[in-house]
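So the structure is just underneath, and the comments pick up after that.
The values are calculated or read from the model by the stated rules, or taken from the named source; none is laboratory data. Keep in mind the model is a prediction, meaning the values are calculated, not measured. Virtual Cβ from ideal backbone geometry, glycine too; neighbours counted across all protein chains shown.
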Amino acid sequence: MSEEQKSGETGADISRRAFLAATATAVAAATAAALAPMKDILDLPTLEEFLRKHYTELTPADKEAIIARISAQVEKDYGVRPHLSDPPPLTGVEFGYALNIGRCIGCRKCVYACVAENNQSRNPEIQYIRVLEMKKGSIDVETSRTEYEGEVPKQNSYYMPVQCHQCRKAPCVKACPVKATWQEPDGIVVIDYNWCIGCRYCMAACPYGARRFNFETPHIPKDELNPEMGLLSNQPRPQGVVEKCHFCLHRTRNGKYPACVEVCPTGSRKFGNMLDPESEISNILKNKRVYILKEEVGTLPRFYYYFDI
Amino acid sequence: MGTDTNGTSPKIPLWTAAVAVGGMILLAIVFILNLLGNGAPRENIAKLSPDYSDTATVRKVRKDMTFDGAPCQSCHEGVEALQGDPKKRSVFHDKIEIRHGRNQHCFNCHNRKQPAYFSNFDGSPIKLANVELLCAKCHGTIYRDWNNGAHGKRTGFWDVAKGGPKPTVCIACHDPHWPVFKPMKAAPPPHINPRRRGKGARGGAEHGGHE
């Protein structure tokens, strides 16, 4: 009471009720101002998109409607009519990938061919392939570098590109809380971009660092958009979803090689059907010295490194 | 003072209220005028060069055996077998640099009698179209791997039913006079954190690629 008396003498008191009312109003004003940038969010999902079912529950008619809707959206955004398809997995095919670690010179052409093929965001930059510059005589990825520049190959270095290993026991598939990522019968681990909630548990689970997150709406120049698109592969992704290498499934399920295989100037990248005993990949797995990255984590990848000698 | 007559509500000094309310209004002004800015500007990323996704091979394979555009036959009639070291004997071939390991002799590969062809073990000609047979004379294991698809670039279709792979010949990548790959300029390194200055890409992929 003495305090009240003292301040009462100065004549500069207000009641607690008035104080709370004034402060609450000011806090509300500050919060509103801080949240003001949210009014710029324009790419809210449409009702159809919001109510869409999981990819595996879609009927062919649903898929057609979705393809038509996405095609129209892409045409509106990029001014190009895409050829959007959803190739199903081929029967009797299990894809495998082998990379000749002794031939790779680290030129990074695969990285950029992949970016162009798969409509990855240019800025912020998303790349599925990381080329690690390794010290000769070591397979320690902790001492590797990704930021090398200039002429390659460098003295006392070899190069190990890393991308999604399409594991048979994929930790990312186990980690996903909403089953937005799963393994297809041909071995490709795919993502339903519409179902992904962006929690990034899969990224934490992946021992190969193969998954990328769209922190911002992907930016692709209109003239660089690849109109050959697959629903589960390189259709333009929204903000807030995870993406990764899918062995270019819109190409490989139509019999073609992935973009990275086609572009490699040294022929280090090998791709094919592991169930075909005559294929190049079967031959490599049978006859070459094959190395599996982080074999001890038990992911059983479908991506192999091999040596000539 | 004492406007609050019930006496149960404690009094708050006016300056405290002024600081609290004024501070909040100040914050609101800071947010509305965006006085804090948008953080560090994003790094400029150069436009994607179409060269990086060019699927062409390292070298162009010529269709015919020529030298400076002239066919071999225009100088070498092929009546008599060529003798001596062509690099020393003519002003035409002296600039050719051979760095092919211990294989330093022109006529190990080129045919003495028919210079438009290559030479097999017994001196019989190998055509340019079958140049892989020439290389296979020494590089047998690589020839085997090339046939099986483990060595060399392949394009087209992995699926044999759709047309099958298109192999590239040895000399589409290797210069026969200097077979080791010349150094190439690497494409730009990744911008792992777009808002961080410099190329702090250390430990990107192997630590889970947190971007």
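Structure values in brief
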| quantity | calculated |
| --- | --- |
| Pair list, Cβ under 8 Å, 6 or more apart: the range B:161-177 residue within 19 Å of B:Gln104 (Cα to Cα), other residue among the acidic types (Asp, Glu) | B:Cys170/B:Glu132; B:His177/B:Glu97 |
| Any hit, the range B:99-118, residues being among the aliphatic types (A, V, I, L, M) and without any contact (Cβ under 8 Å) to a residue 60 or more places away in the chain | yes |
| Boolean, B:Ala150 is closer than 30 Å to A:Asn254 by Cα, surrounded by fewer than 16 Cβ atoms within 10 Å (Cβ to Cβ) and among the aliphatic types (A, V, I, L, M) | no |
| Segments classed as strands (runs of 3 or more DSSP E), wholly inside the range A:250-307, with at least 1 members that are at the interface with another protein chain (Cβ under 9 Å from one of its Cβ atoms) and buried (at least 17 other Cβ atoms within 10 Å of the Cβ) | A:269-273, A:303-307 |
| Subset tally (residues that are touching a Pro at 6+ places or on another chain (Cβ under 9 Å), more than 17 Å from B:His151 (Cβ to Cβ) and free of Cβ contacts under 8 Å to residues at least 24 places away in the same chain) for the range A:260-309 | 2 |
| Every residue from the range B:123-155 that is facing chain A (nearest Cβ under 7 Å) and at positive phi | B:Gly149, B:Gly152 |
| Residue check for A:Glu151: in contact with a strand residue (DSSP E or B) (Cβ under 7 Å, 6 or more places away or on another chain) and acidic (Asp, Glu) | yes |
| Residue count, the range B:27-48 (criterion: surrounded by 14 or more Cβ atoms within 10 Å (Cβ to Cβ), more than 7 Å from chain A (Cβ to nearest Cβ) and either part of a strand (DSSP E or B) or at pLDDT 85 or above (or both)) | 1 |
| Test: residue in the range A:105-126 that is more than 8 Å from every other protein chain (Cβ to nearest Cβ) and of a type in the set (D, E, K, R) | no |
| Boolean, A:Val115 is under 24 Å from the mean Cα position of the chain (by Cα) and farther than 22 Å from A:Phe271 by Cα | no |
| Filter result for B:Lys182 (under 27 Å from the mean Cα position of the chain (by Cα), in a loop (DSSP other than H, G, I, E, B) and loosely packed, with under 13 Cβ neighbours inside 10 Å) | yes |
| Sole exception among (1) modelled with pLDDT of 85 or more; (2) more than 8 Å from every other protein chain (Cβ to nearest Cβ) for B:Gly78, by number | (1) |
| Only listed residue being touching a Gly at 6+ places or on another chain (Cβ under 8 Å) and aromatic (Phe, Trp, Tyr), chosen from A:Tyr128, A:Tyr148 | A:Tyr148 |
| Meets criteria (more than 30 Å from A:Lys76 (Cβ to Cβ), within 11 Å of another protein chain (Cβ to nearest Cβ) and surrounded by fewer than 21 Cβ atoms within 10 Å (Cβ to Cβ)) for A:Gly209 | no |
| Residues of the range A:120-172 satisfying the condition of being on the phi > 0 side of the Ramachandran plot and modelled with pLDDT of 95 or more | A:Gln166 |
| Subset of the range B:11-26 [more than 7 Å from chain A (Cβ to nearest Cβ) and among the β-branched types (Val, Ile, Thr)] | B:Thr16, B:Val19 |
| Test for A:Gly240: is it away from chain B (no Cβ under 12 Å), over 21 Å from A:Gln183 (Cα atoms) and touching a residue at least 24 places away in the same chain (Cβ under 8 Å) | yes |
| Matching residues in the range A:132-152 - criterion: being facing chain B (nearest Cβ under 7 Å), surrounded by fewer than 18 Cβ atoms within 10 Å (Cβ to Cβ) and either in contact (Cβ under 8 Å) with a residue 40 or more places away in the chain or over 25 Å from the mean Cα position of the chain (by Cα) (or both) | A:Gly150, A:Glu151 |
| Conditions (1) closer than 30 Å to A:Cys110 by Cβ; (2) at the interface with chain A (Cβ under 9 Å from one of its Cβ atoms); (3) out of contact with any strand residue (DSSP E or B) (no Cβ under 9 Å at 6 or more places or on another chain); (4) part of a loop (DSSP other than H, G, I, E, B): number failed by B:Asp51 | (4) |
| The listed residue being buried (at least 18 other Cβ atoms within 10 Å of the Cβ) and touching a helix residue (DSSP H, G or I) at 6+ places or on another chain (Cβ under 7 Å), out of A:Ala26, A:Ala12 | A:Ala26 |
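Quick grid of which residues meet (1) touching a His at 6+ places or on another chain (Cβ under 7 Å); (2) crowded, with 22+ Cβ neighbours inside 10 Å:
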{"position": "A:Pro185", "(1), (2)": "no, no"}
{"position": "A:Trp195", "(1), (2)": "yes, no"}
{"position": "A:Tyr201", "(1), (2)": "no, no"}
{"position": "A:Gln239", "(1), (2)": "no, no"}
{"position": "A:Cys248", "(1), (2)": "no, yes"}
